[in-house]
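One structure is given here, and the rest of the page talks about it.
The values are calculated or read from the model by the stated rules, or taken from the named source; none is laboratory data. Not measured: the values here are computed from a predicted model. Here the Cβ is made from the backbone with ideal geometry for all residues, glycine too, and neighbour counts use every protein chain on show. Note: areas computed on protein heavy atoms with side chains; ligands, DNA, RNA excluded. Shrake-Rupley method; radii C 1.70, N 1.55, O 1.52, S 1.80 Å.
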Amino acid sequence: MSLLRIYHYPEPVLARPAAPVTLFDEALATLARDMAETMYAAPGIGLAAPQVGVSQRLVVIDCAGKEAPPALIVAVNPQIVAREGSVCEEEGCLSVPGYYTAVKRDAKVTVNFCALDGTPRQIVAEGLLAVAFQHEIDHLDGILFVDRLSPLKRGMFKRRYKKMLEQQKELL
Ligand code: QAP
Ligand code: CO
(Lines give C-alpha, C1' and ligand atoms only; values in the text may rest on other atoms or scores of the structure.)
(Ligands and ions follow the chains in the order given, each with its own letter.)
Protein backbone atom coordinates (compact mmCIF):
# COMPACT_ATOMS: atom_id res chain seq x y z
CA MET A 1 0.00 0.00 0.00
CA SER A 2 1.47 3.32 -1.04
CA LEU A 3 0.30 6.79 -1.97
CA LEU A 4 1.24 7.89 -5.46
CA ARG A 5 2.28 11.36 -6.64
CA ILE A 6 -0.53 13.10 -8.55
CA TYR A 7 0.64 14.94 -11.67
CA HIS A 8 -0.80 18.42 -12.20
CA TYR A 9 -1.69 20.39 -15.34
CA PRO A 10 0.30 21.13 -17.55
CA GLU A 11 2.45 17.94 -17.15
CA PRO A 12 2.89 16.33 -20.61
CA VAL A 13 1.78 12.85 -19.39
CA LEU A 14 -1.73 14.27 -18.90
CA ALA A 15 -1.94 15.26 -22.59
CA ARG A 16 -0.75 11.94 -24.04
CA PRO A 17 -3.14 9.14 -25.14
CA ALA A 18 -2.57 6.11 -22.88
CA ALA A 19 -1.76 2.61 -24.17
CA PRO A 20 -4.19 -0.31 -23.77
CA VAL A 21 -3.39 -2.71 -20.92
CA THR A 22 -2.28 -6.08 -22.31
CA LEU A 23 -0.87 -7.75 -19.18
CA PHE A 24 -3.31 -8.56 -16.37
CA ASP A 25 -0.62 -9.28 -13.80
CA GLU A 26 0.21 -8.59 -10.14
CA ALA A 27 1.82 -5.25 -11.06
CA LEU A 28 -1.50 -4.07 -12.55
CA ALA A 29 -3.40 -5.11 -9.41
CA THR A 30 -0.86 -3.29 -7.23
CA LEU A 31 -1.15 -0.13 -9.35
CA ALA A 32 -4.97 -0.25 -9.12
CA ARG A 33 -4.78 -0.68 -5.32
CA ASP A 34 -2.35 2.22 -4.93
CA MET A 35 -4.48 4.41 -7.23
CA ALA A 36 -7.59 3.67 -5.13
CA GLU A 37 -5.69 4.48 -1.93
CA THR A 38 -4.41 7.73 -3.48
CA MET A 39 -7.94 8.68 -4.64
CA TYR A 40 -9.51 8.04 -1.20
CA ALA A 41 -6.72 9.96 0.56
CA ALA A 42 -7.06 13.04 -1.69
CA PRO A 43 -10.10 12.74 -1.34
CA GLY A 44 -11.50 12.28 -4.84
CA ILE A 45 -14.12 10.21 -6.64
CA GLY A 46 -12.11 9.22 -9.71
CA LEU A 47 -8.50 8.79 -10.79
CA ALA A 48 -6.94 7.69 -14.10
CA ALA A 49 -3.48 6.10 -14.43
CA PRO A 50 -1.98 9.03 -16.43
CA GLN A 51 -2.72 11.23 -13.37
CA VAL A 52 -0.13 9.20 -11.44
CA GLY A 53 2.32 9.26 -14.35
CA VAL A 54 1.40 5.86 -15.83
CA SER A 55 0.29 6.07 -19.47
CA GLN A 56 -1.97 2.98 -19.40
CA ARG A 57 -5.73 2.58 -19.80
CA LEU A 58 -6.78 2.02 -16.18
CA VAL A 59 -9.18 4.06 -14.02
CA VAL A 60 -10.60 3.83 -10.50
CA ILE A 61 -13.93 5.42 -9.54
CA ASP A 62 -15.97 5.55 -6.32
CA CYS A 63 -19.02 7.83 -6.40
CA ALA A 64 -20.66 6.35 -3.29
CA GLY A 65 -20.03 9.38 -1.07
CA LYS A 66 -19.22 9.60 2.63
CA GLU A 67 -22.47 8.17 4.03
CA ALA A 68 -22.60 5.03 1.88
CA PRO A 69 -20.26 2.03 2.02
CA PRO A 70 -17.36 2.19 -0.50
CA ALA A 71 -18.26 1.14 -4.06
CA LEU A 72 -14.92 0.95 -5.84
CA ILE A 73 -14.95 0.37 -9.60
CA VAL A 74 -11.65 -0.63 -11.21
CA ALA A 75 -11.97 -0.40 -15.00
CA VAL A 76 -9.27 -1.62 -17.40
CA ASN A 77 -9.44 -0.53 -21.07
CA PRO A 78 -12.85 1.15 -20.58
CA GLN A 79 -14.84 2.06 -23.70
CA ILE A 80 -18.12 3.93 -24.08
CA VAL A 81 -20.29 1.87 -26.44
CA ALA A 82 -23.59 3.78 -26.15
CA ARG A 83 -24.60 7.24 -24.98
CA GLU A 84 -27.78 9.29 -24.66
CA GLY A 85 -29.08 12.54 -23.25
CA SER A 86 -27.11 15.56 -22.12
CA VAL A 87 -26.18 17.17 -18.80
CA CYS A 88 -24.01 20.09 -17.71
CA GLU A 89 -22.60 19.66 -14.19
CA GLU A 90 -19.78 21.22 -12.17
CA GLU A 91 -16.53 19.23 -12.42
CA GLY A 92 -13.16 19.34 -10.75
CA CYS A 93 -10.01 17.25 -11.18
CA LEU A 94 -7.23 16.15 -8.85
CA SER A 95 -4.79 17.21 -11.61
CA VAL A 96 -6.24 20.75 -11.71
CA PRO A 97 -6.60 21.47 -7.98
CA GLY A 98 -8.79 24.39 -6.96
CA TYR A 99 -10.53 24.88 -10.32
CA TYR A 100 -14.16 23.87 -10.88
CA THR A 101 -16.41 24.52 -13.84
CA ALA A 102 -19.49 23.10 -15.56
CA VAL A 103 -18.87 20.74 -18.49
CA LYS A 104 -21.37 19.33 -21.02
CA ARG A 105 -21.52 15.51 -20.97
CA ASP A 106 -23.77 12.64 -22.02
CA ALA A 107 -26.38 11.89 -19.36
CA LYS A 108 -26.28 8.09 -19.69
CA VAL A 109 -23.42 5.92 -20.96
CA THR A 110 -22.86 2.21 -21.42
CA VAL A 111 -19.25 1.34 -20.61
CA ASN A 112 -17.47 -1.88 -21.54
CA PHE A 113 -14.27 -2.66 -19.65
CA CYS A 114 -12.22 -5.47 -18.14
CA ALA A 115 -11.87 -6.31 -14.46
CA LEU A 116 -8.38 -6.77 -12.97
CA ASP A 117 -8.43 -10.47 -13.87
CA GLY A 118 -9.28 -9.67 -17.49
CA THR A 119 -12.95 -10.71 -17.41
CA PRO A 120 -15.23 -8.44 -19.48
CA ARG A 121 -17.77 -6.23 -17.67
CA GLN A 122 -20.47 -3.77 -18.67
CA ILE A 123 -21.97 -0.93 -16.64
CA VAL A 124 -24.86 1.33 -17.67
CA ALA A 125 -24.18 4.56 -15.78
CA GLU A 126 -26.32 7.63 -15.12
CA GLY A 127 -25.94 10.69 -12.91
CA LEU A 128 -22.57 11.29 -11.22
CA LEU A 129 -21.18 7.89 -12.26
CA ALA A 130 -21.84 8.62 -15.96
CA VAL A 131 -19.97 11.93 -15.66
CA ALA A 132 -17.13 10.25 -13.76
CA PHE A 133 -16.65 7.58 -16.46
CA GLN A 134 -16.55 10.23 -19.21
CA HIS A 135 -14.13 12.43 -17.23
CA GLU A 136 -11.78 9.48 -16.48
CA ILE A 137 -11.90 7.99 -20.00
CA ASP A 138 -11.04 11.48 -21.32
CA HIS A 139 -7.85 11.29 -19.21
CA LEU A 140 -6.93 8.07 -21.07
CA ASP A 141 -7.24 10.01 -24.34
CA GLY A 142 -5.08 12.88 -23.05
CA ILE A 143 -8.09 15.18 -22.57
CA LEU A 144 -8.71 17.29 -19.44
CA PHE A 145 -12.09 18.78 -18.50
CA VAL A 146 -10.68 22.24 -19.21
CA ASP A 147 -10.06 21.11 -22.82
CA ARG A 148 -13.86 20.80 -23.17
CA LEU A 149 -14.52 24.47 -22.36
CA SER A 150 -15.24 27.11 -25.01
CA PRO A 151 -12.08 28.84 -26.30
CA LEU A 152 -13.04 31.95 -24.31
CA LYS A 153 -13.54 30.09 -21.01
CA ARG A 154 -10.40 28.04 -21.66
CA GLY A 155 -8.36 31.20 -22.09
CA MET A 156 -9.77 32.53 -18.82
CA PHE A 157 -8.84 29.27 -17.08
CA LYS A 158 -5.25 29.38 -18.40
CA ARG A 159 -4.70 32.95 -17.19
CA ARG A 160 -6.25 32.28 -13.77
CA TYR A 161 -4.33 29.04 -13.32
CA LYS A 162 -0.99 30.61 -14.28
CA LYS A 163 -1.61 33.38 -11.74
CA MET A 164 -2.43 30.81 -9.06
CA LEU A 165 0.80 28.87 -9.77
CA GLU A 166 2.84 32.10 -9.58
CA GLN A 167 1.27 32.99 -6.24
CA GLN A 168 2.10 29.52 -4.91
CA LYS A 169 5.74 30.04 -5.97
CA GLU A 170 5.90 33.41 -4.21
CA LEU A 171 4.73 31.78 -0.98
CA LEU A 172 7.65 29.29 -1.05
C1 QAP B 1 -13.56 13.42 -11.62
O2 QAP B 1 -12.66 14.42 -9.70
C3 QAP B 1 -15.00 13.79 -11.60
O4 QAP B 1 -9.86 20.65 -7.31
C5 QAP B 1 -12.98 13.17 -10.26
O6 QAP B 1 -8.86 20.75 -4.81
C7 QAP B 1 -15.38 15.13 -11.65
O8 QAP B 1 -12.20 13.50 -7.71
C9 QAP B 1 -15.97 12.83 -11.53
C10 QAP B 1 -10.65 17.25 -6.21
C11 QAP B 1 -16.74 15.47 -11.63
C12 QAP B 1 -17.33 13.18 -11.50
C13 QAP B 1 -17.71 14.50 -11.54
C14 QAP B 1 -10.55 18.38 -7.02
C15 QAP B 1 -10.13 17.31 -4.93
C16 QAP B 1 -11.25 15.99 -6.68
C17 QAP B 1 -9.96 19.54 -6.53
C18 QAP B 1 -12.22 14.49 -8.41
C19 QAP B 1 -9.44 19.58 -5.24
C20 QAP B 1 -9.52 18.47 -4.44
C21 QAP B 1 -11.73 15.80 -7.94
CO1 CO C 1 -9.55 14.34 -13.61
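Once you sort the root eigenvalues of the Cα gyration tensor of region 25-88 as a ≥ b ≥ c, which label holds: rounded (a/c under 1.5), prolate (a/b larger than b/c) or oblate (the other case)? Taking the square roots of the gyration eigenvalues as a ≥ b ≥ c, region 25-88 is oblate.
Which entries in Lys108/Lys153; Lys66/Lys163; Lys104/Lys162 show an alpha-carbon gap greater than 28 Å? As for pairs spanning more than 28 Å Cα to Cα, those are Lys66/Lys163.
For region 32-172, the solvent-accessible area of protein heavy atoms averages 53 Å² per residue (probe radius 1.4 Å; ligands and nucleic acids excluded). For the peptides 49-61, 32-44, the ranking by packing is 49-61, 32-44, with the highest mean count of neighbouring Cβ atoms within 10 Å listed first. Over the residues of the chain, the helix contribution to mean residue ellipticity at 222 nm works out to -10000 deg cm²/dmol, using -39500 (n - 2.57) for each DSSP H run of at least 4. Under a Gaussian network description of the chain, with springs only between Cα atoms under 10 Å, the residue in Glu91, Glu11, Glu67 that fluctuates furthest is Glu67. Working note: Karplus 6.51/-1.76/1.60 with θ = phi - 60° gives region 89-98 the couplings 10, 4, 10, x, 7, 4, 8, 10, x, x Hz, where Gly and Pro are set to x.
Give, rounded to the nearest 20 debye, the magnitude of the charge dipole that region 12-171 has about its Cα centre when Lys and Arg contribute +1 at Cβ and Asp and Glu contribute -1 at Cβ.
Numbers: 18 positive and 19 negative charges, 167 e Å.
Dipole magnitude for region 12-171 comes out near 800 debye.
Please label the shape of region 1-138 as rounded, prolate or oblate, based on the square roots a ≥ b ≥ c of the eigenvalues of the alpha-carbon gyration tensor (a/c under 1.5 means rounded; beyond that, a/b larger than b/c means prolate, else oblate).
Numbers: a/c = 1.36, a/b = 1.12, b/c = 1.21.
It comes out rounded by the Cα gyration axes.
With the charge dipole of the chain set up from +1 on Lys and Arg Cβ and -1 on Asp and Glu Cβ about the Cα centre, the Cα lying farthest toward the positive end among the listed residues Ala15, Val109, Pro50 is that of Ala15. For Gln56, the residues whose modelled amide H falls within less than 5 Å of its own, excluding neighbours fewer than 5 places apart on the same chain, are Ala19.
Give me the distance between the Cα centres of region 151-167 and region 59-85, rounded to whole Å. If you average the Cα positions of each part, the centres end up 30 Å apart.
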